[in-house]
Amino acid sequence: MSVLFGPAGNSNSFPYKSSVDAPRWLREIGLDAYEYQCGKGVNVGEETARTLGARAAEQGIVLSLHAPYFVNPANPDPESLEKTAGYIVAACRAADWMGARRVTVHSGALMKRTRREAAGIAVRNLGEIVKRVDGAGYGHIALCMETMGKINQLGDLDEVLELCQVDERLLPCVDFGHLYARTLGELDGSAGAVAHILDRMRAELGEERASRFHSHFSCIQFTPGGGEKVHLTFAQEEYGPAHEPLMHALAERGWSPTIICESAGTQAEDALTMKRAYEGFL
């Protein structure tokens, strides 16, 4: 197997009016994955979702879906858990209509708790969320817990790997731009930083599961006090992370993750840049 590359949503250069036409366009330009965005709510209808899924299957485009941004597995309030579980089940339902087998989920907010307290709450709540997903008939869909970009959010690398211990089908969504921003540039995409991230995943999840992780990638401007500020394009070189060392490491290890580019308006073009870099290392 090889790495799958694609954009999150539609780039500024997307030539069509409807997202159901995205698979044909992506195949034409040489990409093979697409992450449908439900960040502001799961508002896609069943007919549209099934049409998108059918066209993606025709074009060989592998779909994933991003659950609403406002889910918070780290909130201890029972009413909040009901809402979060409902949003995630709805995201899985839409993903299932599309034939997508991965749903990206935000890890949560600290809400003035210590990181340890928030992580413990998230682990317990995620166990309940997984039961709800299974009970709704979507146990075949992997929840991909995302590393987050702001320092006051739950979701550094170790916290996400801890969440993934809740169930063996959970996968990390390693957002390399987020890790770069929340570490104030320390995890800068260099060969050493990439090796640290991939080795940690392998140590915690095992080679097989780690090798097929989900990922977001973009360059991100950060602030010293907060972390992530704004997504950039690859052409804006003031901030990282660098993408080439990751492409080299994936080719060298023979890993097969899905890499979703979240550049600001150039996500398809920058995804293609990463794919070409990866192929150059094979």
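The values are calculated or read from the model by the stated rules, or taken from the named source; none is laboratory data. It should be emphasised that the depicted structure is a prediction, and the values quoted were computed from it without experimental measurement. So basically every Cβ, Gly included, is an ideal-geometry build from the backbone, and we count neighbours across all protein chains shown. These area figures cover heavy atoms from the full protein model, side chains too; ligands, DNA and RNA do not enter into them. Shrake-Rupley method; radii C 1.70, N 1.55, O 1.52, S 1.80 Å.
Please report the accessible area of Arg200 (heavy atoms, 1.4 Å probe, ligands and nucleic acids excluded) in Å², nearest 10.
60 Å²
Could you check the spin-label model distance between Ala57 and Ala195? Points 7 Å from the Cα along Cα→Cβ, value in nm.
Label-label distance for Ala57 and Ala195, simple model: 4.4 nm.
Could you pull out the pairs from Lys112/Lys229; Lys17/Lys40; Lys40/Lys229; Lys40/Lys275 whose alpha carbons sit more than 22 Å apart here?
From Lys112/Lys229; Lys17/Lys40; Lys40/Lys229; Lys40/Lys275, over 22 Å: Lys40/Lys275.
Taking all protein chains together and a probe of 1.4 Å, list Phe213, Phe234 from the most accessible to the least accessible.
Putting Phe213, Phe234 in descending order of accessible area: Phe234, Phe213.
Percent relative contact order of the stretch 1-139, based on C-alpha pairs within less than 8 angstrom and at least six residues apart?
The normalised contact order for the stretch 1-139 reaches 23 percent.
Could you rank the peptides 176-185, 54-63 by their average count of other C-beta atoms within 10 Å per residue, with the highest value first?
For the peptides 176-185, 54-63, the packing ranking is 176-185, 54-63.
Using just the alpha carbons, could you tell me how many Å³ per residue the convex hull of the stretch 104-257 encloses?
Dividing the Cα hull volume of the stretch 104-257 by its residues yields 110 Å³.
Using only DSSP helix segments of four residues or longer, with each worth -39500 (n - 2.57), what per-residue ellipticity at 222 nm results for the chain after dividing by its residue count and rounding to 500?
Calculated from helices alone, the mean residue ellipticity at 222 nm is -13500 deg cm²/dmol.
Name the GluC sites (Glu not before Pro) in the stretch 149-230 that are in a loop by DSSP and that have at most 15 other C-beta atoms within 10 Å, would you?
Passing both the DSSP loop test and the Cβ count: Glu168, Glu186.
Charges at C-beta only: +1 for Lys and Arg, -1 for Asp and Glu. How large is the resulting dipole of the chain about its Cα centre, in Debye rounded to 20?
Value, rounded to 20: 500 debye.
With every protein chain left in place, what is the accessible area per residue of the chain in square angstrom, probe 1.4 Å?
The answer is 41 Å² per residue.
Rank Trp25, Trp97 by accessible area, highest first, at a 1.4 Å probe radius?
Solvent-accessible surface, decreasing: Trp97, Trp25.
For the stretch 1-80, report the translational diffusion coefficient in µm²/s to the nearest whole number, using Stokes-Einstein at 37 °C, 0.692 mPa s, and a Kirkwood Rh over Cα pairs.
Stokes-Einstein gives a translational diffusion coefficient of 236 µm²/s.
Considering Cα pairs under 8 angstrom that are at least six residues apart, work out the relative contact order of the stretch 188-282 and quote it in whole percent.
33 percent
Give the carbon-plus-sulfur fraction of the accessible surface of the stretch 169-209 in %, rounded to a whole number; probe 1.4 Å, heavy atoms of protein chains only.
C and S fraction of accessible area: 49 percent.
Could you check how many percent of all C-alpha pairs in the stretch 52-181 are farther apart than 18 Å?
51 percent
Between Arg253 and Ser18, what is the spin-label point distance in nm, taking each point 7 Å from the Cα along the Cα→C-beta axis?
Computed distance between label sites Arg253 and Ser18 equals 4.0 nm.
Quickly work out the Arg116-to-Glu238 label distance, labels modelled 7 Å from Cα along the C-beta direction, and quote it in nm with one decimal.
Simple spin-label model gives 3.9 nm for this pair.
Dividing the convex hull volume of the alpha carbon atoms of the chain by its residue count, what do you get in Å³ per residue?
Spelled out: Cα convex hull of the chain, divided by residues, is 117 Å³.
In Å, what Kirkwood hydrodynamic radius results for the stretch 130-202 from the alpha-carbon pair distances?
When all Cα pairs of the stretch 130-202 are included, the Kirkwood radius is 13.1 Å.
If ligands, DNA and RNA are left out, what is the accessible area of Val20 with a 1.4 Å probe, given in Å² to the nearest 10?
Val20 has an accessible surface of roughly 20 Å² with all protein chains in place.
Where Lys and Arg each count +1 and Asp and Glu each count -1, what net charge lies around Gly227 among other residues with Cβ under 12 Å from its Cβ?
Residues close to Gly227 contribute a combined charge of -1.
Can you find, among Ala191, His178, Gly206, the residue sitting farthest towards the positive end of the charge dipole of the stretch 156-206, where Lys and Arg contribute +1 and Asp and Glu -1 at Cβ?
Of the candidates, Ala191 comes out farthest on the positive side.
Rank these residues by their accessible area, most exposed first, probe 1.4 Å: Arg50, Arg169, Arg124, Arg27.
Ranked from most to least accessible, the order is Arg124, Arg50, Arg27, Arg169.
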